[in-house]
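S.K.: Dropping the structure in here first, questions after.
The values are calculated or read from the model by the stated rules, or taken from the named source; none is laboratory data. These numbers come from a predicted model, not from an experiment. Neighbour counts are summed over all protein chains in view; Cβ atoms, including those assigned to glycine, are modelled from backbone coordinates with ideal geometry. Side chains are part of the model used for accessible areas, which takes the heavy atoms of the whole protein and leaves out ligands, DNA and RNA. Shrake-Rupley method; radii C 1.70, N 1.55, O 1.52, S 1.80 Å.
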Amino acid sequence: MAGPQQRGQQPGDVVLGDAFFSTYFFIATQQTRGIDMLMEQQGSRKRTTDFRRGQTLGERDHLIVIDKPKIRPDWMSEALYAAAPETLTVREFKAGGKIMVTTMICHKRYPKDLLKALYKNRWHVELDIRNIKDTMGMGILSCKTPDMAIKEIWAYLLAYNLIRLMMAQSVLLADITPRAISFKHCLQRWLICRQHSPCRGESNIAFIAQMMAQQRVGNRPGRIEPRAVKRRPKPYPLLTIPRDKARAKVKKQGHPKKLK
């Protein structure tokens, strides 16, 4: 399983996607490259999914044939639209309360339990994006121009990959899997070592790798957390003017009354 950002898609790979990827032309493009897909069904199509249709493979598991949309999307050229197949055969099944769509149509080789466990790995993508945006601080960019903002994003991605490289080296020494250690812990260890001593030489790098592998991530399968913050924000208005003008306004008019 690999994504396009890792080493380029290769025949035999499996792409895990959310409901936005479950579209006709995206599936057709991946199939022409020899790439299988496993996605959640789109919300609007969940209501029309009828497991009594198509070829039954098991309980709430069937094969269906999808016709090519009659209307060409605006983003798609006429040549690509004409080259797309007229029909697609995909598999729909229900597992874990979700309706899934996949191009792995052999139910004996790919049972539902196996595909369900595979789809759970997609959550690591969400965690990796959170590490880049929140743990590393890329949620708010500081550059003002588009060109510099792009360079800033690439700098964050470079630093992220370097930390991941050090994590891979540390798990080899500890004989554990890469997901068994904390990204935030490894980043903090690296920053502490950079502040107190130069990280040069094989001995120092090996020492840092050993420190990174000490903090293990707990095994919490099926963990569910509410998408909400416990601590409420401060009742202050947003700063919508330059700070110098805001200071001058405070000197002249004083601070506004507290919000109730």
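S.K.: Of the residues Leu118, Leu158, Leu172, only one is of a type in the set (A, V, I, L, M, F, W, C) and in contact (Cβ under 8 Å) with a residue 60 or more places away in the chain; which?
M.R.: Only one candidate passes the filter, namely Leu118.
S.K.: Mind checking which residues of the range 62-88 are over 27 Å from the mean Cα position of the chain (by Cα) and closer than 30 Å to Ala117 by Cα?
M.R.: His62, Leu63, Ile64, Val65, Ile66, Asp67, Thr87
S.K.: Then there is this: Pairs, please: C-beta under 7 Å, at least 6 apart or cross-chain, first residue of a type in the set (Lys, Arg) and in the range 87-114, second surrounded by fewer than 17 Cβ atoms within 10 Å (Cβ to Cβ) and outside any strand (DSSP E or B)?
M.R.: Here the result reads Arg91/Met104; Arg91/Ile105; Lys94/Arg60, each pair linking the range 87-114 to a residue that is surrounded by fewer than 17 Cβ atoms within 10 Å (Cβ to Cβ) and outside any strand (DSSP E or B).
S.K.: Another question, then. Please tell me if Ala79 is among the small types (Gly, Ala, Ser) and either touching a Lys or Arg at 6+ places or on another chain (Cβ under 6 Å) or open to solvent by less than 30 Å² (accessible area, probe 1.4 Å) (or both).
M.R.: no
S.K.: Then there's this: Check Ala180 against each of (1) closer than 22 Å to Glu126 by Cα; (2) free of Cβ contacts under 8 Å to residues at least 24 places away in the same chain and name the one condition it does not meet.
M.R.: Only one criterion is unmet by Ala180, namely (2).
S.K.: His62 passes all but one of (1) without any contact (Cβ under 8 Å) to a residue 40 or more places away in the chain; (2) open to solvent by less than 20 Å² (accessible area, probe 1.4 Å); (3) under 21 Å from Asn121 (Cα atoms); which number fails?
M.R.: Here His62 meets the rest and fails (3).
S.K.: Follow-up. Residue under question is Ile105, and the condition is that it be in contact with a helix residue (DSSP H, G or I) (Cβ under 7 Å, 6 or more places away or on another chain) and surrounded by 14 or more Cβ atoms within 10 Å (Cβ to Cβ); does it hold?
M.R.: no
S.K.: Select from the range 93-146 the residues that are in contact with a strand residue (DSSP E or B) (Cβ under 6 Å, 6 or more places away or on another chain) and of a type outside the set (A, V, I, L, M) and list them in ascending order.
M.R.: Phe93, Lys98, Thr102, Thr103, His107, Lys112, Lys116, Tyr119, Arg122
S.K.: Suppose we filter Ala149, Ala159 for residues that are under 30 Å from Leu118 (Cβ atoms) and either open to solvent by less than 60 Å² (accessible area, probe 1.4 Å) or modelled with pLDDT of 90 or more (or both); which single one remains? Let's see the steps before the verdict.
M.R.: Numbers: Ala149 fails: under 30 Å from Leu118 (Cβ atoms).
Exactly one residue qualifies, and that residue is Ala159.
S.K.: What are the pairs, 6+ residues apart or on separate chains, where a residue within the range 66-80 that is in contact (Cβ under 8 Å) with a residue 12 or more places away in the chain and on the phi < 0 side of the Ramachandran plot has its Cβ under 9 Å from a residue that is assigned to a loop (DSSP other than H, G, I, E, B) and open to solvent by 100 Å² or more (accessible area, probe 1.4 Å)?
M.R.: Pairs found: Asp67/Glu86; Lys68/Glu86.
S.K.: When you look at Leu141, is it open to solvent by 50 Å² or more (accessible area, probe 1.4 Å) and not basic (Lys, Arg), yes or no?
M.R.: Answer is yes for this residue.
S.K.: While we're on this one: Among the candidates Glu59, Glu86, which residue alone is charged (D, E, K, R) and over 17 Å from Gln30 (Cα atoms)?
M.R.: Among Glu59, Glu86, only Glu59 is charged (D, E, K, R) and over 17 Å from Gln30 (Cα atoms).
S.K.: I would also like to ask the following. Somewhere in the range 22-30, is a residue loosely packed, with under 14 Cβ neighbours inside 10 Å and not in a strand (DSSP E or B)?
M.R.: The answer is no; no qualifying residue exists.
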